[in-house]
Amino acid sequence: MFGEDDLVKSHQERSDIIFNIIVIAFAVLLARLWYLQIYRGKQFLSYSLENRLRKDVVRAPRGMIFSRNNVLLTHNIPRFDAVVTPQYLESSDETVTYLAVILGTTPESIRKIMKRYEGQAKYIPVVVKKNISRKEVAIIETESKDLPGVSVETFISREYTDHDSGAHLLGYISEISQEKLPRLRERDKYDYKQGDFIGQSGIEQQFDLEIRGQDGYQFMEVDARGRARRHISSDDLYSGIENKVAEPGKNVRLTIDRDVQLAAYHALEGKDGAAIAIDTETGEVIAMVSRPAFDPANFSTGLSSNYWGSLVMDEKRPLRDRTIQEHYSPGSTFKPLTAIAALEEGIVNEKTTFNCNGGYKMGGRVFHCWKKEGHGAVDVVKALRVSCDVYFYNIGNKIDIDVIYKYATLFGMGQRSGIILPRETSGLIPNKEWKLKRTGIEWQKGETLSCVIGQSFINVTPLQLAMFYSTMANDGKLWRPHVVKEVFSNSGQVLKRYEPEMIHQFKISKKTLDLVHEGLFDTANAGGTAGASKGIGIQMAAKTGTAQVIGFSADKIFNKCEGMPFKFRNNGLFAAYAPAGNPKIAVSVVIEHGCHGTAGGPVAKAMVSAYLNKYYPAYQAKIMAQESAGLTYPEVVEDNRVNPVAMIPEASPEDFYDEQGVLVKNFILDKTGKRVPLEKILETGPSDGE
């Protein structure tokens, strides 16, 4: 039997064990609490907050694109997208079915979109329909309790003031595909994200990194079903949670004049072709139009497969920029080059005449003049005025093709101009070496006869043709064409300015240029082939051109062009500079299958008239006075250029943009540089801006 002391001792030992166990348990618990709440407290708080918060990307508004005189050509508008966040999606079948009813689509199409993004993290939202209506937005917001994981995102979409009139020049933006994402990241050294948009052509592509801005983000407090409750900023509860404000992109000011651009665009209505206008004194591109075109806004609002298919399958290739990505035989617009080369090389002079009886025979072949009955005795001035082929065939028999190559390349043909736009083609000016390398056959003399009238292997872009006439007009100064004046911030600070760049200047004798100028002036003003496009007060020196797209046998060469199938009709070309006495602008026009060079005359006349009326009204008045006096060749008169106010954006544009940088009211700048709102863009003349 145990005594009382033994019993007490036994209980004491048990008590000690239990006490030690309790102490150890509390010690472990306290250690764990210290570890979780103190040592790892910040980390777990972060995890907790992340489960409670949603980080929404705030898209940076792209920079805007302006004309030379401050009219907004490209800006931003809000767009709404329906998105699904898989992390919060409950009863997916029911939710997807209900969402499909609201969006007017099928559950299968929504699941197909979500399946495409299965590989990405479940917390990343998936856009299931872009550009939804405000009615659909309202339904999703009001029915959010029945749509867990479904929300609406505001997206900044691109808007183009004149729709397709500058589509190829301005370009378009579209969403980066998953396949292209790694390649673009590597190419641009930029961390593009899934869902980002990028410039795909034109200015939007070439200046994408400047225009795109930097995205920000906004933290949103959400409930367990992912529904937004409130916006979050750093406070006592959310210390260290900082939102990032989106940084708008830089803005671009172009050399394009919107009035002249629209004049060219409307003059090309119903035609396929291109029109270019260049400042002869700087190389600035004043207008640049290619038709048919497309509405670039469709690409940023979610392009349907049907619309894309209609563009890529269209035989007229509306996506192709005909001003720089297409080249054409220049036809008779090339004849001034042949005349310059022959005069400078001493092959002909102002007194040299050839008799045109409608054809020129070389070997067993007859090279026909466009005028079947011929032109009679022709000198260089008359040859340009009436576009006599036989005169130039005679030159072709005496001149070497390498000489033609030398002068053509001096004028910028057969090579890329270096304009800051993508996918420019070089055209083609052949020489003996090129022919031998390409075909293994020596150059034939008969091929020169076709080349000197702008046919055969000769191919130029509309831009190169305008550069050629600009260089003739300014006595041998070949300017690099440029379309951008400057890049500037929203505060108005100019970040980069693009100055005129002369590629080279070469010497052409005054006598040669005077003869060619006289011939081109007569072409438009003294009964020449461009007489129908003479106009009033514009004093053009011009040349028409007709270029075959297929060869014709001798019995069909004089058949009426309009009676041929459309795709076999000749291209019509028109090139000019004006005013002839003191050139300020050079233009070129190509009308595909237009049959005659005169088809491009109204387009050229529209561009020149719009430009001179806007910038040189006093000079134009003097020209009209000369014309009324019956002067056969214009005198050089002093001119005073009218310069609309330079763009100096205000530092505080709140009146015109919302907090996301989206344009809410259009504007121009008045004479003092102050923003003036416009309900509708309407240009009335130089004194009011563009």
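The values are calculated or read from the model by the stated rules, or taken from the named source; none is laboratory data. Everything quoted here is computed from the prediction, not taken from an experiment. All Cβ positions, even for glycine, are placed from backbone atoms using ideal geometry, and neighbour counts span all protein chains on display. All accessible areas refer to the heavy atoms of the entire protein, side chains included, with ligands and DNA or RNA removed. Shrake-Rupley method; radii C 1.70, N 1.55, O 1.52, S 1.80 Å.
Give the residues of region 555-611 that are part of a loop (DSSP other than H, G, I, E, B), within 25 Å of L478 (Cβ to Cβ) and among the aliphatic types (A, V, I, L, M), sorted by residue number.
Residues of region 555-611 part of a loop (DSSP other than H, G, I, E, B): 555-560, 564-565, 569-570, 579-584, 592-596.
Filter once more, so that each one left must be within 25 Å of L478 (Cβ to Cβ): 579-584.
A580, the sole residue that qualifies.
Could you tell me which of the residues G427, G346, G358, G414 is among the small types (G, A, S), more than 32 Å from the chain's Cα centre (by Cα), at pLDDT 95 or above and on the phi > 0 side of the Ramachandran plot? Step through it out loud before you land on a result.
Numbers: G427 fails: more than 32 Å from the chain's Cα centre (by Cα); G358 fails: at pLDDT 95 or above; G414 fails: more than 32 Å from the chain's Cα centre (by Cα).
Within the list G427, G346, G358, G414, the selection yields G346.
Residues in region 350-364 that are closer than 17 Å to K398 by Cα and open to solvent by 70 Å² or more (accessible area, probe 1.4 Å): 4 in all. Each residue in region 394-427 was checked for being touching a Cys at 6+ places or on another chain (Cβ under 8 Å) and not small (G, A, S), and 2 of them qualify.
For G535, indicate whether it is within 18 Å of P583 (Cβ to Cβ), of a type in the set (G, A, S) and more than 24 Å from the chain's Cα centre (by Cα). So that I can check it myself, show each step before the final result.
Numbers: within 18 Å of P583 (Cβ to Cβ): yes; of a type in the set (G, A, S): yes; more than 24 Å from the chain's Cα centre (by Cα): yes.
Yes; evaluated as a whole, the condition is true for this residue.
Screening H368 with (1) open to solvent by less than 30 Å² (accessible area, probe 1.4 Å); (2) in contact with a strand residue (DSSP E or B) (Cβ under 8 Å, 6 or more places away or on another chain) gives one miss only, at (1). Checked against (1) buried (at least 19 other Cβ atoms within 10 Å of the Cβ); (2) over 22 Å from A610 (Cβ atoms); (3) acidic (D, E), E345 passes all but condition (1). Just give me the residues in region 377-422 being charged (D, E, K, R) and either surrounded by fewer than 22 Cβ atoms within 10 Å (Cβ to Cβ) or within 30 Å of R320 (Cβ to Cβ) (or both), in sequence order. Scanning region 377-422 gives D379, K382, K398, D400, D402, K406, R416.
All but one of (1) of a type in the set (G, A, S); (2) farther than 25 Å from E159 by Cβ; (3) free of Cβ contacts under 8 Å to residues at least 12 places away in the same chain hold for G283; which doesn't? Evaluating G283 over (1) of a type in the set (G, A, S); (2) farther than 25 Å from E159 by Cβ; (3) free of Cβ contacts under 8 Å to residues at least 12 places away in the same chain leaves (3) as the failure. You will find that of V83, V96, V101, the residue that is out of contact with any helix residue (DSSP H, G or I) (no Cβ under 7 Å at 6 or more places or on another chain), of a type outside the set (D, E, K, R), buried (at least 18 other Cβ atoms within 10 Å of the Cβ) and in the same structural domain as K193 (by TED's automatic domain parsing) is V83 and no other.
I'd like to verify a number: residues in region 133-185 that are in a helix (DSSP H, G or I), out of contact with any strand residue (DSSP E or B) (no Cβ under 6 Å at 6 or more places or on another chain) and either crowded, with 21+ Cβ neighbours inside 10 Å or of a type in the set (D, E) (or both), how many?
Result for region 133-185: 7.
State whether one or more residues within region 480-498 are assigned to a loop (DSSP other than H, G, I, E, B) and open to solvent by less than 10 Å² (accessible area, probe 1.4 Å). Yes, region 480-498 contains a residue that is assigned to a loop (DSSP other than H, G, I, E, B) and open to solvent by less than 10 Å² (accessible area, probe 1.4 Å). Exactly one residue out of A610, A547, A604 is in the same structural domain as S387 (by TED's automatic domain parsing), touching a helix residue (DSSP H, G or I) at 6+ places or on another chain (Cβ under 6 Å), modelled with pLDDT of 85 or more and within 19 Å of K335 (Cα to Cα): that is A547. Candidates are the residues of region 446-466 that are within 24 Å of the chain's Cα centre (by Cα) and open to solvent by less than 10 Å² (accessible area, probe 1.4 Å); the one that is nearest to V608 (Cα to Cα) is A466.
Of the helices (runs of 4 or more DSSP H) that lie entirely inside region 430-478, those containing 2 or more residues that are among the aromatic types (F, W, Y) span 462-473.
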